[in-house]
Amino acid sequence: MRAPILNLLLMVSCAGASLFAEENLAQAQTAAPAPQTAAISTDAIKQREQELEAARARQKSAEEAQAKLKAEIASLGQDRTQLNQQLIDTAANVRTVETKIDEAEARLRTLNGREQETRASLDSRRADIVEVLAALQRAGRRTPPALLVRPEDALQSLRTAILLGAVVPELRSRAEKIAGELGELVTLRKSMAAERDQLASDRDKIRSDQTRLTALVDERQRQQASREKDLDAENSRAITLSKQVGDLQGLIAKMEQDLQSAAKAAEKAAEAAKQAEAKEAKAAASAKPGPAIFKDRSRTSPAILFASAKGLLPLPVNGNKIRDFGGSDGVGGVQKGISLATKPGSQVTTPCDGWVVYAGPFRSYGQLLILNAGGGYHVLIAGMERISVNIGQFVLTGEPVATMGSTSQVASILATNASQPVLYVEFRKDGTPIDPGPWWAANEGEKVRG
């Protein structure tokens, strides 16, 4: 009985020494003589038919989903509250799945690294494995067959051999170490397969959510356009005015003074700030407001004074903070806001309630969005590829307003050869840049995702 067990152990050891057995087997199959031409043609035709049928099924499913989505949006009608709710919830879903995808990709990178280390460890000990093989061959009565097996088979066989006592004492520790590494390799492969399945599922979900979000944004802007008859003319005039000023403060002043939509927005912001200040003064004895204060989707003015929103605001995008307020801006100056490196196509949402006083390209900032948050506060967001709101529009905290491109749009970031798109965020009080740090929610401050 001993010889068969030794043969089995040799099979296992051969598998450990040849980590690419599966690849070699695949190559051998590829190199095998080709089947008859008629069989290949029949199989190819059958496969093509299956692919076409699957494509038709996917197209039908997509058309049904699109029709259902159109019906849902049509049912919202002119109910801005429901539309706001749908927009904010869907944008939140998109950002949540973006985070899950980032985390899954990070776990996969770690697992890949561990797999490479395990493979390298086994490969580096080929001499040790050869020595074990030689000892087993000397101890056996006949030469074991040279077989290629999967790591799972190797692991099971090796465990069996050890349990049966077929490994001589001086080789047991080395055999157990090989078994441990083979076991880790099997576990890693299973974990990686599970992660890849989850990643594929999340990517399917985010595509569905992004399609839904695009349709909702289009409906929001369609309704906005129907209310603002001269919207296109206003936007064109805003771009013209932006070319007449040289800095951000001048741009804000020019918009709120000369552009009708922006001027109205500034007036509403000032009026809302006064009303909110009076309301907060009466409720001064009450508890500090929390995130629940933003739950009312029907509001048409800020839920809270911007100055009172410290510790409550969400970051506008998922990403890694690469520059903080007060640090170097990369071109010899001081950073007046924060810069977040994001993934291409990331969703950008508003960090606060406010009125849009500018939306369009501006000098070295790429696409620029300026919100008047009331009380002398303005929020500037730059570096997006596409903005989906218009001047004069009131937007709620967490509402989708823009999409990142595939590269950086801000000149100061381009100067650093950044490979990712970067979002720049700046807060201003009465025209002066201020540190936005105190305004971010506790779980957002340093937990910038990427």
* Asked: Conditions: (1) out of contact with any Cys (no Cβ under 9 Å at 6 or more places or on another chain); (2) closer than 24 Å to Glu399 by Cα. Gly333 meets all but one. Number of the miss?
  -> (2)
* Go through the residues of the range 230-244 one by one and say whether even a single one is touching a Ser or Thr at 6+ places or on another chain (Cβ under 7 Å) and either more than 25 Å from Arg363 (Cβ to Cβ) or at pLDDT 85 or above (or both). => no
* To do: Considering only residues that are out of contact with any helix residue (DSSP H, G or I) (no Cβ under 7 Å at 6 or more places or on another chain) and not acidic (Asp, Glu), look in the range 92-107 and name the one that is surrounded by the fewest Cβ atoms within 10 Å (Cβ to Cβ).
  => Ala106
* Out of Lys274, Lys268, which single residue is more than 24 Å from Pro400 (Cα to Cα) and either under 31 Å from the mean Cα position of the chain (by Cα) or charged (D, E, K, R) (or both)? -> Lys274
* Structure fact -> Reported set for the range 420-435 where residues are more than 16 Å from the chain's Cα centre (by Cα) and polar (S, T, N, Q) is Thr432
* Select from the range 374-397 the residues that are closer than 21 Å to Ile434 by Cα, assigned to a strand (DSSP E or B) and open to solvent by 10 Å² or more (accessible area, probe 1.4 Å) and list them in ascending order. => Tyr377, His378
* **Answer from Glu444, Glu426 - the residue that is at pLDDT below 95 and either open to solvent by less than 30 Å² (accessible area, probe 1.4 Å) or among the hydrophobic types (A, V, I, L, M, F, W, C) (or both)** => Glu444
* Asked: Is it the case that the range 353-360 has a residue that's within 26 Å of Leu251 (Cα to Cα), open to solvent by 20 Å² or more (accessible area, probe 1.4 Å) and in a loop (DSSP other than H, G, I, E, B)?
  -> no
* Answer from Asp197, Asp209 - the residue that is at pLDDT 70 or above and buried (at least 18 other Cβ atoms within 10 Å of the Cβ) -> Asp209
* To do: Taking Leu133 as the residue in question, decide whether it is in a helix (DSSP H, G or I) and either modelled with pLDDT of 85 or more or more than 30 Å from Arg189 (Cα to Cα) (or both).
  => no
* Asked: Any chance the range 379-386 includes a residue that's hydrophobic (A, V, I, L, M, F, W, C) and in contact with a Pro (Cβ under 7 Å, 6 or more places away or on another chain)?
  -> yes
* Conditions (1) among the charged types (D, E, K, R); (2) in contact with a Ser or Thr (Cβ under 7 Å, 6 or more places away or on another chain); (3) closer than 24 Å to Val245 by Cβ: number failed by Arg323 -> (3)
* Do you know which of the residues in the range 306-330 that are of a type outside the set (Gly, Ala, Ser) and part of a strand (DSSP E or B) is most open to solvent (accessible area, probe 1.4 Å)? -> Ile322
* Output the residue which, of all residues in the range 73-91 that are at pLDDT below 85 and charged (D, E, K, R), is surrounded by the fewest Cβ atoms within 10 Å (Cβ to Cβ). => Asp79
* Out of all the residues in the range 278-293, is one or more open to solvent by 20 Å² or more (accessible area, probe 1.4 Å) and modelled with pLDDT of 90 or more? -> no
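The values are calculated or read from the model by the stated rules, or taken from the named source; none is laboratory data. None of these values were measured; they are calculated from a predicted model. Note that each Cβ is placed from the backbone with ideal geometry, even for glycine, and that neighbours are counted across all protein chains shown. The accessibility values were calculated without ligands, DNA or RNA, using every heavy atom of the protein model including side chains. Shrake-Rupley method; radii C 1.70, N 1.55, O 1.52, S 1.80 Å.
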